[in-house]
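Taken together, the values in this text are just the output of simple stated rules run on the coordinates, not laboratory data. Every value quoted in this text rests on a predicted model; they were computed, and no experiment measured them. Don't worry about glycine lacking a Cβ; one is built from the backbone with ideal geometry, like all the others, and counts go over all protein chains shown.
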Amino acid sequence: MKAVASVIVNRVNVSDGEYARISQGGNVRNIIFQPGQFDCATETLRNQYNSQNIYNMNPTDIHYYIADWALSGNKLNEIGNCLWYLNPFMPTCSSSFPSNGAGTFHTRFGNHCFYRPTPKYKDT
């Protein structure tokens, strides 16, 4: 959870590219609810109801702790300045993500691959 929160913090604080425009100066809500970014923030996935969306969850103390931790500006060092993550459901991570070449593989953390921006990101 801290790794994903770190990506959100990075997106909120990036100074250029798509996420700088989306966050409009640091709006976390804009980042989380940007269409197509976080499955938990959508009610449907692939035209099917998403029962694991945030509207159906009952937050626990750990969720509040992670949110407070991230909102205080913390992030995991292992994640660095990564702006993307995904679970490839495979033992390896691709060398780049998304497909436009804006991100390059940085690290695998648990089941997820994390990608930091390339110079191409600035043009997104």
* Mind checking which lysines have their Cα closer than 25 Å to the Cα of residue 2? Skip sequence neighbours fewer than 8 apart in that chain. => 75
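Give the calculated FRET efficiency between residue 28 and residue 108 to the nearest 0.05, with a Förster radius of 25 Å applied to their Cβ-Cβ distance.
Numbers: r = 26 Å, r/R0 = 1.03.
Calculated transfer efficiency: 0.45.
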* Where a Cα-Cα gap under 12 Å defines reach, which aspartates and glutamates qualify for residue 120, not counting those fewer than 8 residues away within the same chain? -> 16, 18
* Once Lys and Arg get +1 and Asp and Glu get -1 on their Cβ, which of 28, 112, 41 lies farthest toward the positive end of the dipole of the chain? -> 112
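For the chain, what is the calculated [θ] at 222 nm in deg cm²/dmol (nearest 500), taking -39500 (n - 2.57) for each run of four or more DSSP H residues and dividing by its residue count?
Values: 4 runs with 35 residues, N = 124.
That comes out to -8000 deg cm²/dmol.
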* To do: Would you mind listing how long the chain runs along its three principal axes, going by Cα atoms, in whole Å with the largest first?
  => 39, 33, 27
* Asked: Using a 4.7 Å Cβ cut-off, which Cys residues in the chain lack a partner cysteine?
  -> 40, 82
* If packing is taken as the mean number of other Cβ atoms within 10 Å per residue, what is the order of 88-98, 2-12, 58-68, 72-82, highest first? -> 2-12, 72-82, 88-98, 58-68
